[in-house]
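Here is the structure we will look at, set down as structure tokens.
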Amino acid sequence: MENCFKERMVTWCEETRCSDESFVAGAFEKDQRAIVRLFFLKSGLSGQVFLRCEGRTALITGGTKGIGFETARILLSFGMNVIIGSNSSSAESEKCLLKLRSLCPKSKVEIWYVDLKSMSSVKAFAEKYLHSGLPLHILINNAGIMFAPHEITEDGFESHMAVNYFSHCLLTKLLLPVIKQSGSSKCKSRIINVTSCLHFLSQIDFTDLNSLNSYCPHHSYMQSKLCLVMFTLSLNRFLKSSNCPVLVHCLHPGVIYTNLYKHIWWAKYLGPILFQKPEIGGEVTVYAALSANLETVGGKYIEEYGEVKPSNYSKDSESQSRLWNETWKLLQPWCDEIDDIPSDVSSE
């Protein structure tokens, strides 16, 4: 069964094309329309210039609903093939596949199970991908939880840190070899981390990184998203110094009404009125993943289709170095014996 799937997926990617050509969004989606936002009156993807991506492969975590689903839908409409990593039930996954395949019948999409609370599950998922023989041109670390009740995972991580941060660090590291191989000087691979503007309000508590002594859901969420911003900056610096054809960006997708707000009692009443729709978050994510404007230099923090400076704390080299070292120390049990990532990338 796995061999048949491997042959089928590799066939999808045999026609992979990546050239200096670009296209203007709108040509692929005939129903593209201007979108009026509640908080921001800006155009959608129509008119944005993207790199050609037909036949290329993207991996998205948490792509069966919300922002991840919309991201997958847009990428498929642009001609990409998409693998979704999700812990959704079989019924939910099948429903998602049917909808995406009906919307984009010419592109290929699959859903693979992964539990981001379990680092062993993340490693098994990464190994499955590596053994599939597929290239990986775009990795989108999208899945997340917000303001959840206190939970320490089987690995000893606080749940926000596990799902939002540690799992994506581990997944990125394990898939880095194929990400590097899939990129070129003319068309780089990209790693996209979905973070939040709330990282501006956070600092890292290195004395209790996993909230073992005290817990505040707001702090844990904001801290996990700050860690993702800092991971983006550090990893991109390392890849640049190593001359790897890979760029790393992060983004705030907007204030989007999704299942992320299920732990906020008033959100189900006011969210549909006050917040933006998931389509908007998907557009911003796709902009970070494909925009020709972001092809030259990595390490960018994106909001509303443009670069914004991240928090001053996130740019502190000492804090970056401390987080980097602590991260790989905690993830060491699930990392490969041969490690091509240095222990310190805080300075160039």
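Values computed for the structure shown
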quantity	calculated
Loop-located chymotrypsin sites (Phe, Trp or Tyr not before Pro) in the stretch 302-331, at most 11 other Cβ atoms within 10 Å (DSSP)	none
Neighbour cut-off at most 16 other Cβ (10 Å), DSSP loop, chymotrypsin sites (Phe, Trp or Tyr not before Pro), the stretch 208-264	TYR215
Distance in nm between pseudo-label sites at TRP112 and GLU54 (7 Å out along the Cβ direction from Cα)	2.6
Solvent-accessible heavy-atom area per residue, rounded to whole Å², over the stretch 249-319 at 1.4 Å	46
Neighbour-limited loop hits for trypsin sites (Lys or Arg not before Pro), the stretch 206-311 (at most 14 other Cβ within 10 Å; DSSP other than H, G, I, E, B)	LYS262
Dipole magnitude (debye, nearest 20) for the stretch 204-293, charges at Cβ of Lys, Arg, Asp, Glu	100
Extension reserve of the ALA124-TRP265 stretch, reckoned as 0.36 nm per residue once the Cα distance is removed	47.2 nm
Percent accessible area from carbon and sulfur atoms, the stretch 150-248, protein chains only, probe 1.4 Å	51
Phi-based couplings in Hz for the stretch 127-132 (Karplus 6.51, -1.76, 1.60; Gly and Pro marked x)	5, 4, 5, 4, 7, 6
Linear extension gain, HIS131 paired with PHE206, 0.36 nm per residue minus alpha-carbon span	23.4 nm
Karplus 3J(HN,Hα) series, Hz, for the stretch 176-187 with 6.51 cos²θ - 1.76 cosθ + 1.60 (x for Gly, Pro)	4, x, 6, 5, 4, 5, 7, x, 8, 5, 8, 8
Whole-angstrom gap from the stretch 202-224 to the stretch 127-165, using each part's C-alpha centre	18
Label-to-label distance, nm, for residues given as GLN332 and GLU303 (7 Å Cα→Cβ offset)	3.8
Full-extension gain in nm, ASN325 to ASN243, via 0.36 nm per residue minus C-alpha separation	27.3 nm
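The values are calculated or read from the model by the stated rules, or taken from the named source; none is laboratory data. Because the structure is a prediction, the values reported are computed rather than measured. Virtual Cβ from ideal backbone geometry, glycine too; neighbours counted across all protein chains shown. The area values use the complete protein model at the heavy-atom level, side chains included, leaving out ligands, DNA and RNA. Shrake-Rupley method; radii C 1.70, N 1.55, O 1.52, S 1.80 Å.
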